[in-house]
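Read-outs: derived from the displayed coordinates by stated rules, not from any lab. Note that the coordinates shown come from a computational prediction; the quantities given were computed from them, not determined experimentally. All Cβ positions, glycine included, derive from the backbone under ideal geometry; neighbour counts span all protein chains shown.
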Amino acid sequence: MASLKEIKGRIGSVEGTLKITSAMKMVASAKLHKAQVAIENMLPYDRQLHKIMVSLLSGDAKVTTPLSQPHDRIKRIAVVAVASNSSLCGGYNSNVLRHTTALLDEYKKTLTKPEAEAAEAIDCYVIGRKLDQSLAKLRGFNHIRQYVERGDNPKFETAKELAEKLMKDYVEGRIDKVELVYMHFKSTASQVPTREVFLPLELKTDSTGEGPTGYIIEPTQTEVLNALVPDALCMKIYTMMLDAQAAEHAARTVAMQTATDNANDLLGELRIQYNKGRQAAITAELLDIVGGSMQ
């Protein structure tokens, strides 16, 4: 059995850890609230853009854009994977890593047979140091680290730079498909691994199969669409980064809350153990005193 001094030392250590996890939980909660506000402010604009594009790409007067036209053959793809720059967020980073590696392995098998050619057929854009460190140990794809540090504080300029590069490569035929991998923020207790096609552009219509109508288009539908689609795709990358950041803070909030609860439980057990040990020591001393006085 541990001595009273050792138990008291463990109590002090757990109390120190408890202060850290409690503080980290409060910080993560504050950041999560800020990220939620950013997403809620972004969603109405994003949804309206989606409705307008559905209207332009469906109905009687259909117009097309090169970004919505699938290539005849998928020979080269790009993957954009978003994770965290730091740890202590539960299974957040490991979930992103697992789904990213599964996607990369899938395309390694379908794009090219020789392993040497796979690295030339897959571009993986990594956002987040933890994912970058894990993927650096793997082979068989082109590891692009230009945006690794951009995940902590998402900015529209970063999203626009990345989206424009991907759109240019797609239109010029250097890549044939782009997919996104990230954790979608559903609620504080639930973050959903998400795999989404970025290019070619896919728009979902309503239940009738037609997009909303009634828009007055000037000057022409084609000109409006060509101006609107790149902005919408830039917005999609930015929304993904905000969504992933909210999921990260939610995962860290839950992880730190769990750690705090576990520390409180352990602290309670140690205090009971310490009190029992102290009572046993006092009883032993009293028995020694009583025994000595009777001799």
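For the peptides 26-32, 96-102, what is the packing order when you average, over each peptide's residues, the other Cβ atoms within 10 Å and list the highest mean first?
Result, highest mean first: 96-102, 26-32.
By how many nm would the segment from LYS168 to LYS137 grow when fully extended, if each residue of separation counts as 0.36 nm and the alpha-carbon distance is taken off? Walk me through the numbers before you get to the answer.
Details: separation 31, 0.36 × 31 = 11.16 nm, distance 2.94 nm.
This chain segment gains 8.2 nm when fully extended.
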Report, largest value first, the span of the C-alpha coordinates of the range 41-111 along each principal axis, in whole Å.
50, 38, 15
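Once you list every other residue whose beta carbon is under 13 Å from the beta carbon of ILE7, what net charge do they have if Lys and Arg are +1 and Asp and Glu are -1?
Every neighbour counted, the sum reads +3.
Step through the table entries LYS31/LYS51; LYS137/LYS160; LYS160/LYS236; LYS130/LYS160; LYS109/LYS168; LYS108/LYS177, compare each Cα-Cα distance with 19 Å, and write down the pairs that go over it.
The pairs that break the limit, which is 19 Å between Cα atoms, are LYS31/LYS51; LYS137/LYS160; LYS130/LYS160; LYS109/LYS168.
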Read phi for every residue in the range 67-81 and hand back ³J(HN,Hα) as whole Hz from Karplus 6.51 cos²θ - 1.76 cosθ + 1.60, θ = phi - 60°, with x for Gly and Pro.
6, 9, 8, x, 6, 4, 9, 8, 10, 8, 10, 10, 10, 10, 10
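Which FRET efficiency value, to the nearest 0.05, do you get for ALA284 and SER13 by plugging their Cβ-Cβ distance into 1/(1 + (r/R0)^6) with R0 = 22 Å?
Numbers: r = 27 Å, r/R0 = 1.22.
It comes out at approximately 0.25.
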Scan (1) 1.03; (2) 0.99; (3) 1.22 for the value of Rg/Rh (Cα atoms, Kirkwood Rh) calculated from this model and give just the label.
(3)
With springs connecting C-alpha atoms under 10 Å apart, model the chain as a Gaussian network and identify which of GLU164, GLU179, GLU223 has the largest mean-square fluctuation.
GLU223
Interchain or long-range residues, amide H under 5 Å from ALA83's placed H
ILE127, GLY128
Angle between the Cα long axis of helix 4-57 and the longest principal axis of the chain, 0 to 90 degrees, nearest 10?
20
Which shape class applies to the range 115-184: rounded if a/c is under 1.5, otherwise prolate when a/b exceeds b/c and oblate if not, where a ≥ b ≥ c are the square roots of the Cα gyration tensor eigenvalues?
oblate
Please determine, in degrees from 0 to 90 and to the nearest 10, the orientation of helix 221-294 with respect to the longest principal axis defined by the Cα atoms of the chain, where the helix direction is its Cα long axis.
10
Once you've got the GNM for the chain with C-alpha springs shorter than 10 Å, pick whichever of VAL171, VAL224, VAL181 has the biggest mean-square fluctuation.
VAL224
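If you take every DSSP beta bridge fully contained in the chain, what fraction is antiparallel? Give it as a percent rounded to 5.
Numbers: 9 of 23 bridges.
The answer is about 40 percent antiparallel.
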Computed over the chain: longest principal axis from alpha-carbon atoms vs helix 156-171 long axis, angle to nearest 10 degrees, is 50
Whole-Hz ³J(HN,Hα) for each residue in the range 138-143, computed from phi via Karplus 6.51 cos²θ - 1.76 cosθ + 1.60 with θ = phi - 60°, x for glycine and proline: what do you get?
9, 10, x, 7, 8, 7
Only helices counted: for the chain, with every DSSP H run of 4 or more residues adding -39500 (n - 2.57) and the sum spread over all residues, [θ] at 222 nm is -22000 deg cm²/dmol
